[in-house]
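First the structure, in the form of structure tokens, and then the observations on it.
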């Protein structure tokens with residue numbers, strides 16, 4: 001189908017950008033219909049806050065992925081495992097910490113946020 005690797009990977013990259021847009025165009029109206037406009041607004045705010053926490057990733061997710069790939073390529077399991085463990089720990093702390101900071105206020109004050117929204121409580 002493709003004459004070169006560049007054409008193949010360019011197509012896959014483009015498909016990886018377009019496919020989530022199509023899924024969003026189909027699923028977001030269904031989500032709004034099922035949960036209501038007000039709750040969807042709260043969900044959008046939560047998504048935005050989670051997106052801001054990706055700023056604190058500092059590229060560690062990509063580093064961990066590259067480290068795992070290099071360890072698999074070199075077939076080293078013990079030599080660089082400490083490096084991987086440290087990177088994975090930092091990455092986990094940033095992601096879990098950001099998620100907790102975002103999620104905990106909604107857990108402890110749920111009745112305030114959900115009371116009377118769309119009449120579906």
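Here the Kirkwood formula, the inverse mean of 1/r across different C-alpha pairs, assigns the stretch 1-73 a hydrodynamic radius of 15.9 Å. Annotation for residue 15 and residue 30: the two label points, set 7 Å from Cα along the Cα-Cβ direction, are 2.1 nm apart. By other beta-carbon atoms within 10 Å, ranking 57, 91 with the fewest at the front produces 57, 91.
Read-outs: derived from the displayed coordinates by stated rules, not from any lab. The shown structure was predicted, so the numbers you read here are calculated from the model rather than taken from an experiment. Reconstructed Cβ throughout: ideal geometry from the backbone, glycine too, with neighbour counts over all protein chains shown.
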